[in-house]
Amino acid sequence: MGEPRNILLIVAIVLAIFIPYQLFIVEPMMAEQRAAQEAAVEAETGETAPGDETPGAFGGDETPAALGGFTSREDALARSERITVRTPALEGSIALNGARFDDLRLLRYDLAVGSDEPVTLLSPQGSRGAHYAVDGWTGAAGAPSGLPGPSTRWQVVGNTTLTPTSPVTLEHVAGELTFRRVISVDEDYLFTVSDTVTNNGADTVSLSRFGLVRQEGIPDDITNFFILHEGPIGVVGSSLMDRKYNSLERDGSMERTGAGGWMGITSKYWLTAVAPGDDGEIRARFEARPSGGQTIFESSYVRTAETIAPGSSITSVSHVYAGSKSVPILQRYQDEQGIPRLDMAVDWGNFWFFTRPFFWLLHTFYQWTGNFGVAILLLTVLIKIPLFPLNNRAFASMAKMRAVGPKMTEIRERFAADKQRQSQEMMELYKREKINPLAGCLPILPQIPIFFALYKTVFVSLEARHAPFFGWIQDLSAPDPTAVWNLFGLLPYSVEGWWLLGDYTLGVWPILMGLTMWAQQSLNPPPPDPMQRRIFALLPIVFTFILSPFAAALVIYWTWNNFLTILQQYVIMRRHGTYTEVDKIAARLHSRVTGKPVPEFALPGAAPGLTPAAAKPANDVKPAKGKAKGAKDDSTPVDVTEQVESSVAEADKPAPKPATPGRRTSSNPAAKKPKGARKTAAKKPAAKRPGTRRTPPARPEGEG
């Protein structure tokens with residue numbers, strides 16, 4: 001069956017539906033929603049700023065004054081006194097109002113290639129696209145008011161600059177309770193928040209600690225790709241829970257209970273998460289609610305209540321993670337700090353049992369070579385090695401199918417009106433030629449999850465971001481920057497901003513991918529149905545345009561994978577003596593350069609089959625036993641090389657010549673008649689017709 005045509009067709013149809021739907025329905029709808037939200041915020045100037053209210057479960061009765069809609073980042077930062085954060089990986093500040101982690105920039109990652117501006121991860125409440133984390137306390141009935149929450153005012157004790165070597169201390173008093181908080185940070189992305197709570201009253205108090213991450217509105221830079229999760233995510237106990245923004249906005253909330261875990265909000269490359277310091281029981285919750293003209297998305301947990309007797313104290317530890325989804329860093333915190341399954345923040349996909357080993361290999365190759373693109377090429381070659389036996393079997397079957405192509409065409413033509421007889425003759429042909437029609441497809445099926453897992457690995461790898469390859473590719477996570485519309489940069493103008501053309505630049509690598517896809521299809525047996533042939537002929541063009549806006553890393557991987565498959569398939573088919581479209585093109589070019597005539601197998605319209613140099617045609621079988629001596633044998637072997645003669649050459653021959661003793665002849669002599677021959681023409685003597693039985697000698701008189 002060749003390549004899994006049905007799978008390719010399904011993928012093409014899905015992408016052909018998904019991309020127009022995304023471009024012309026989803027994106028305009030999201031733009032309208034954002035415009036409506038902004039208009040509502042501007043109209044409701046007297047309302048509380050988005051996200052400023054505090055959920056009842058997390059306490060905190062202090063509410064800031066109304067902010068009157070969105071404000072600039074600088075103005076939002078100035079609304080609260082701040083603690084400066086300075087580490088090798090982070091730069092920013094922590095607001096004393098709520099002890100919010102709401103101002104952080106990632107110093108190791110630039111916003112764009114060639115830019116010195118770092119990526120901004122956290123933004124303060126009230127600014128557009130606010131994103132921040134809060135750690136606090138809530139209590140049962142009878143607990144004092146003013147427990148630490150998102151709006152609580154903390155006081156600094158001593159140091160006001162947070163570095164890996166100098167933690168900061170905060171204090172807050174709520175009734176008879178005194179909260180003393182020590183915040184420390186390491187050289188990467190983990191903050192440790194240690195709270196000591198002292199009960200100075202005469203009554204026992206029961207308190208629960210919580211942590212939350214908020215995102216105000218759907219981020220503008222969301223990838224919004226169906227194979228990638230972006231939005232609330234967390235681990236409760238040992239199970240992963242996640243919801244995309246749109247589904248959570250539709251459902252409203254989601255809740256789960258378990259022992260230990262973490263909760264956060266993720267994008268393609270970044271993660272903000274909160275986690276308790278132990279594996280105690282927690283109640284985790286995703287929530288989406290309207291506020292200030294837009295939707296507030298929240299991922300949070302609440303720990304089991306702890307009792308504080310009069311005159312005693314308790315100490316509780318929690319963590320806040322704000323940084324990149326670097327797998328080695330996530331796994332280190334998972335092992336050293338006991339944050340369970342933190343590396344699940346990376347979207348490994350449904351084939352995680354393939355994706356994670358692939359990622360380890362890709363990361364190892366990247367460390368060896370220093371070039372992420374070269375690491376992709378090496379990983380693809382490594383995966384091809386164990387799959388070689390499966391591909392060898394599939395391609396060998398395809399070579400046999402291509403060799404008997406003329407016979408299959410003849411059977412379809414002879415029994416076009418009798419489908420049942422046609423199927424029977426096909427099965428007989430498969431049996432004689434020892435061909436299993438499913439042998440080409442079955443070995444490919446196990447490779448499908450491997451293919452998608454490798455594709456997913458390349459897509460989610462942080463190392464591809466702003467990673468150069470060779471030549472003009474300076475960012476493997478971005479599309480190929482060249483464009484066919486200006487001859488790949490040779491013409492002195494840019495196509496950026498052009499309607500439609502500016503979005504689909506159609507660079508060099510997508511075109512190479514389309515060419516390799518066409519070459520790979522040319523090695524496969526052509527579909528018998530003309531409509532299917534037209535569809536598959538268009539697939540390379542369709543996929544070229546579909547993959548044009550994809551990341552260069554994915555297109556390079558796909559092109560290289562196609563090239564290796566072509567090389568392997570071509571070698572196997574030539575070993576079986578089968579010529580391909582590539583051989584035809586090469587033969588025509590050679591004839592044009594040397595001036596020699598074009599070989600018969602390379603003439604336009606020639607049927608696929610064996611090369612003239614093949615030592616033994618694939619249909620070289622013995623006649624069936626048990627027939628009468630003079631009976632005509634329909635299964636006479638066919639010389640495939642004689643079936644590929646051009647129609648012009650056939651027309652030049654006045655009549656078929658008698659069969660030469662010892663030479664095989666065509667099983668369909670009528671196919672070699674000149675086009676102008678009349679059906680009522682006199683037949684030649686039987687001895688002169690090729691392919692007829694020999695006339696037995698006359699019997700001597702007396703024999704009966």
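The values are calculated or read from the model by the stated rules, or taken from the named source; none is laboratory data. What you see is a predicted model, and the numbers here were worked out from it, not measured in a lab. Here Cβ is always computed from backbone atoms with ideal geometry, including for glycine, and neighbour counts include all displayed protein chains. For accessibility, only protein heavy atoms count, side chains too; no ligands or nucleic acids. Shrake-Rupley method; radii C 1.70, N 1.55, O 1.52, S 1.80 Å.
In the set (1) crowded, with 20+ Cβ neighbours inside 10 Å; (2) closer than 30 Å to Asn200 by Cα; (3) charged (D, E, K, R), Glu298 fails one condition alone, (2). For segment 590-604, the candidate set comprises residues that are part of a helix (DSSP H, G or I) and open to solvent by 50 Å² or more (accessible area, probe 1.4 Å); within that set, the residue that is farthest from Ser522 (Cα to Cα) is Thr594. Taking (1) within 19 Å of Leu104 (Cβ to Cβ); (2) open to solvent by less than 10 Å² (accessible area, probe 1.4 Å); (3) polar (S, T, N, Q) in turn, Ser316 satisfies each apart from (1).
Filtering segment 217-268 to residues that are among the small types (Gly, Ala, Ser) and open to solvent by 60 Å² or more (accessible area, probe 1.4 Å) leaves only Ser238.
Looking across segment 171-216, just one residue is acidic (Asp, Glu), within 36 Å of the chain's Cα centre (by Cα) and open to solvent by less than 10 Å² (accessible area, probe 1.4 Å), and that is Glu216.
Residue-by-condition table, conditions (1) over 28 Å from Gln568 (Cα atoms); (2) at pLDDT 85 or above:
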| residue | (1), (2) |
| --- | --- |
| Glu336 | yes, yes |
| Val346 | yes, yes |
| Trp360 | no, yes |
| His363 | no, yes |
| Val374 | no, yes |
| Met401 | no, no |
| Gly405 | no, no |
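When only residues in segment 536-550 that are open to solvent by 20 Å² or more (accessible area, probe 1.4 Å) and either small (Gly, Ala, Ser) or closer than 20 Å to Arg465 by Cβ (or both) count, which is nearest to the chain's Cα centre (by Cα)? In this case the residue turns out to be Phe550. Which residue, of Ile314, Ile282, Ile296, Ile265, is assigned to a strand (DSSP E or B) and farther than 23 Å from Ser194 by Cα? Unique residue meeting the criteria: Ile296.
For first residues located in segment 267-295 and free of Cβ contacts under 8 Å to residues at least 12 places away in the same chain, partners that are open to solvent by less than 10 Å² (accessible area, probe 1.4 Å) and lie 6+ apart or on another chain with Cβ distances below 7 Å do not occur. Taking the criterion of being under 16 Å from Lys268 (Cβ atoms) and of a type in the set (Val, Ile, Thr), the residues of segment 224-257 that qualify are Ile227, Ile233.
Residues in segment 195-203: is at least one closer than 19 Å to Ser326 by Cβ and part of a loop (DSSP other than H, G, I, E, B)? No, segment 195-203 contains no residue that is closer than 19 Å to Ser326 by Cβ and part of a loop (DSSP other than H, G, I, E, B).
Quick grid of which residues meet (1) of a type in the set (Ser, Thr, Tyr); (2) open to solvent by 50 Å² or more (accessible area, probe 1.4 Å); (3) part of a loop (DSSP other than H, G, I, E, B):
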| residue | (1), (2), (3) |
| --- | --- |
| Val320 | no, no, no |
| Pro328 | no, yes, no |
| Gln331 | no, yes, no |
| Asp335 | no, yes, no |
| Ile339 | no, no, yes |
| Met344 | no, no, no |
| Asn350 | no, yes, yes |
| Thr355 | yes, no, no |
| Phe359 | no, no, no |
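Considering the conditions (1) modelled with pLDDT of 60 or more; (2) under 30 Å from Gly175 (Cα atoms), Pro88 is excluded by exactly one of them, (2).
Against the list (1) closer than 29 Å to Thr87 by Cβ; (2) part of a strand (DSSP E or B), the condition Ser206 fails is (1).
Total residues in segment 383-407 satisfying the condition of being in a helix (DSSP H, G or I), open to solvent by 30 Å² or more (accessible area, probe 1.4 Å) and either among the β-branched types (Val, Ile, Thr) or within 17 Å of Pro449 (Cβ to Cβ) (or both): the figure is 2.
For segment 116-169, the strands (runs of 3 or more DSSP E) that sit wholly inside it and include 3 or more residues that are under 40 Å from the mean Cα position of the chain (by Cα) are 118-122, 131-139. Scanning segment 71-94 for residues that are part of a loop (DSSP other than H, G, I, E, B), surrounded by 15 or more Cβ atoms within 10 Å (Cβ to Cβ) and within 36 Å of the chain's Cα centre (by Cα) yields Thr87, Ala89.
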